[in-house]
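Inspection log for the structure reproduced underneath, given as structure tokens.
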2 protein chains.
Amino acid sequence: MPKNAFYAQSGGVTAVINASACGVIEAARAHPDKIGKVYAGKNGIIGALTEELIDTSRESDEAIAALRHTPSGAFGSCRYKLKSLEENLREYERLIEVFKAHDIGYFFYNGGGDSADTCYKVSQLSEKMGFPVQAIHVPKTVDNDLPITDNCPGFGSVAKYIAVSTREASYDVRSMSRTSTKVFVLEVMGRHAGWIAAAGGLAADENNDIPIVILFPEVEFDQEAFFAKVKENVEKYDYCTVVVSEGCKWPDGRFLAEQGTRDAFGHAQLGGAAPVVANMIKDALGYKYHWAVADYLQRAARHLASKSDVEQAYALGEAAVNMALEGHNSIMPTVVRESSSPYKWSIGMAPLSEVANVEKMMPMDYISDDGYGITDACKEYLYPLIQGEAYPEYDENGMPRYVTLKGIAVPRKLADFEI
Amino acid sequence: MPKNAFYAQSGGVTAVINASACGVIEAARAHPDKIGKVYAGKNGIIGALTEELIDTSRESDEAIAALRHTPSGAFGSCRYKLKSLEENLREYERLIEVFKAHDIGYFFYNGGGDSADTCYKVSQLSEKMGFPVQAIHVPKTVDNDLPITDNCPGFGSVAKYIAVSTREASYDVRSMSRTSTKVFVLEVMGRHAGWIAAAGGLAADENNDIPIVILFPEVEFDQEAFFAKVKENVEKYDYCTVVVSEGCKWPDGRFLAEQGTRDAFGHAQLGGAAPVVANMIKDALGYKYHWAVADYLQRAARHLASKSDVEQAYALGEAAVNMALEGHNSIMPTVVRESSSPYKWSIGMAPLSEVANVEKMMPMDYISDDGYGITDACKEYLYPLIQGEAYPEYDENGMPRYVTLKGIAVPRKLADFEI
């Protein structure tokens, strides 16, 4: 009997993480002689600990195929990082117990940096605890901060959404600036790195002369210089778009959103870098403003996914299975960029020891000298990642046909486990 | 020589107002024997007063056709309402002066309620001031509050964007609720009526059991009942999505966003109903939350326009010209719903005297008995308006090909005019 596989989704979900799940499950189904069933962890690794497993073999081929165009995590995700073997032996023993009970020999973990660390620890079970399991990490994160791989599935689609939305909103403000809004502020995700904020810079190109000021987490916020830049744009164009990363900080290290605001009851500030930036512009320069906070809309926006991104998400899931079948353990399939124009890429392989706990920052030469824009090198990097459209199907009512799986549980065999 | 036409965009722009411009200009180009040139007002009616006219005959057929899939107002818009003839005779005399100087016999005004009033006043110039001009209003407003017409171009596309985005974000939260966000709050436009908020209710259907709580401007906010509803959903589904209209009010009439919040410098609140709602849920119920404010993203989102909406926007622009050529004045072409399922519609005609200053509210039987959802009658009304997709083209870099017109000015003939 071939071994079964465990698959789980981890961390913040994306528009295309289910495309990776689709790649894993379809590749496994193509090798029934080598892989038995794919059991998905309900809510990520927590499902493995609590023995809450979803039997993907109970889902139709059509339902699995529909994962390719369905955003979010179809099996549930979690924010839960395993401690080290030494610190929490109990959890690893439980994992082995569950894997043994369900005859699991493959562990596919689909997530970002913290998850790569978890996957790396699981990959050591074989050597350190004598339990044979092959652990392969499938990269995913809108933060685009995993090392070695050219980019991370999930990022390209957020980048496309932010680039397109920034262009659309900028056109809107440009139309209205004579008597109404002059400054539009859009807050985007990215607590540690400005990858997503950088995508806002794509709204402008040789055909679209849009004044965009980007506030990166990588650049210390200089209020006076920022005001001068916004003023310069408004005087030249009559409007200005500001894309602010949630990770942008005051010189003293506090996030811009932490302004010490209190409500009538003395509760701490309501959050949001965008309203803070919009208000400071109004106070200093008097411009009428609007602001938006994209939040989950950006990472869930499967309706505007990048085709590159969807294809890579699927290909990395598929490659993970094929690498497992080739006998690999403790690795992550990667995207290797062969050329930017035209965009050519292939699948590579990285050892998890070099992935876990390494954060890829944005190169400083992607940020323009004044700190408020992106360079041509950055555009050359970003454009391929947003290329192509990969629309979901819509039903007759005009709504996307996203799939919700049946999610039938694998019968439990073990006692409860407290996490 | 046939008379020239004046066309202008007014009020908040939409994803499809340029499709109406396209309809007007293409219909006029089809009748060179009856209509000379179409001059567009730069920044709406202000362009007529300041004699800043854009010569649309200088734009290629391709550029005009591209307006059909370009969001925003290609000629600029404004928020500027003409006073009555008696109150501001000077402005009407100036309009006549400009119209005479440029041989304008047709006035097409593309806007919402305030604009319909302006258009109505212009339509009376003939009778009251002896200047022959035919004034036709082309409806447009995301607020969907013009009377007589089944719906207003612009609304269907916002509704589709909010319905789809709410579904996507809800899937996201559903994935994460085990260890992360349990309540997601999305703020949408609609200061006076809950049409756009209602569209959030479309995220759930017979295949999508999503717990959505809508806060309508039409329903007085009852904090305790709201908390109970959110709690009920979280206990049943483990998560809850809240769609809050910017127009939702406290029982004392203040907007929810006006919470008396002050920043460290004593400045008034930063605005946003979503953060206010999210924070009150956290304080009362302790749930982890995220919130988003869609703001301009929703009305500019041409990338997800409704095909029904685009077609109607175009058809109403085209009909306005044809009605003018039939000799009509002081009217507005309307959408007439023939049937909802399948959706059939035709073009009707309404006198501006019955349109100006009449606001269409949402029927109360569109809101569910508990005040937090939409009824089947509402869904029957809304679905046709979001049916079909009408994607823009994208370039090789993955960005939409939105057109920016040359916008060549018609040579001025008159002295300056102060507005």
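The values are calculated or read from the model by the stated rules, or taken from the named source; none is laboratory data. Predicted model, so just to flag it, every value in this text is computed and none were measured. Reconstructed Cβ throughout: ideal geometry from the backbone, glycine too, with neighbour counts over all protein chains shown.
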Regarding the stretch A:156-168, can at least one residue be identified that is on the phi > 0 side of the Ramachandran plot, at pLDDT 95 or above and surrounded by 24 or more Cβ atoms within 10 Å (Cβ to Cβ)? no
Got a number for residues in the stretch B:69-125 being within 14 Å of another protein chain (Cβ to nearest Cβ) and either among the β-branched types (Val, Ile, Thr) or touching a residue at least 60 places away in the same chain (Cβ under 8 Å) (or both)? 18
Of all residues in the stretch B:383-400, how many are at the interface with chain A (Cβ under 8 Å from one of its Cβ atoms), in a loop (DSSP other than H, G, I, E, B) and in contact (Cβ under 8 Å) with a residue 12 or more places away in the chain? 3
Any pair with Cβ under 9 angstrom, 6 or more apart, that starts in the stretch A:289-313 at a residue that is under 10 Å from A:Gly388 (Cα atoms) and more than 7 Å from chain B (Cβ to nearest Cβ) and ends at one that is of a type in the set (Asp, Glu) and surrounded by 24 or more Cβ atoms within 10 Å (Cβ to Cβ): none
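So which of B:Ala21, B:Ala15, B:Ala48, B:Ala30 ends up being in the same structural domain as B:Phe99 (by TED's automatic domain parsing) and without any contact (Cβ under 8 Å) to a residue 12 or more places away in the chain? Even if it seems obvious, please write down each step before you answer.
Details: B:Ala21 fails: without any contact (Cβ under 8 Å) to a residue 12 or more places away in the chain; B:Ala15 fails: without any contact (Cβ under 8 Å) to a residue 12 or more places away in the chain; B:Ala48 fails: without any contact (Cβ under 8 Å) to a residue 12 or more places away in the chain.
When all the criteria are applied, what remains is B:Ala30.
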Find the residue count for the stretch A:314-335, including only residues that are over 24 Å from A:Arg302 (Cα atoms) and in contact (Cβ under 8 Å) with a residue 24 or more places away in the chain. 11
How many residues, within the stretch B:126-169, are out of contact with any strand residue (DSSP E or B) (no Cβ under 7 Å at 6 or more places or on another chain), more than 24 Å from B:Ala319 (Cα to Cα) and without any contact (Cβ under 8 Å) to a residue 60 or more places away in the chain? 4
Only residues that are more than 13 Å from chain A (Cβ to nearest Cβ), not β-branched (Val, Ile, Thr) and not in a loop (DSSP other than H, G, I, E, B): list them for the stretch B:26-41, please. B:Glu26, B:Ala27, B:Ala28, B:Arg29, B:Tyr39
If a residue must be surrounded by fewer than 18 Cβ atoms within 10 Å (Cβ to Cβ) and at positive phi, how many such residues does the stretch B:305-350 contain? 1
Mind counting the residues in the stretch B:290-340 that are within 30 Å of A:Lys182 (Cβ to Cβ) and of a type in the set (S, T, N, Q)? 2
Those residues of the stretch A:272-307 which are within 19 Å of A:Glu258 (Cβ to Cβ) and either hydroxyl-bearing (Ser, Thr, Tyr) or part of a loop (DSSP other than H, G, I, E, B) (or both), in sequence order: A:Gly272, A:Asp295
Can you tell me which residues in the stretch B:152-186 are among the charged types (D, E, K, R), in contact with a Cys (Cβ under 9 Å, 6 or more places away or on another chain) and either within 9 Å of chain A (Cβ to nearest Cβ) or not in a loop (DSSP other than H, G, I, E, B) (or both)? B:Arg178
Residue in the stretch B:1-25 that is farthest from the other protein chains (Cβ to nearest Cβ), counting only those that are farther than 22 Å from A:Ser170 by Cα and touching a Lys or Arg at 6+ places or on another chain (Cβ under 9 Å): B:Pro2
Filter result for B:Ser353 (more than 11 Å from chain A (Cβ to nearest Cβ), without any contact (Cβ under 8 Å) to a residue 24 or more places away in the chain and of a type outside the set (Lys, Arg)): no
Looking at (1) modelled with pLDDT under 95; (2) under 30 Å from B:Pro132 (Cα atoms); (3) among the hydrophobic types (A, V, I, L, M, F, W, C), find the lone condition where B:Leu325 falls short. (1)
Within the stretch A:314-342, considering residues that are among the charged types (D, E, K, R) and part of a strand (DSSP E or B), the one farthest from the other protein chains (Cβ to nearest Cβ): A:Glu338
From B:Glu318, B:Glu326, which residue is under 18 Å from B:Ala21 (Cβ atoms) and of a type in the set (Asp, Glu)? B:Glu318
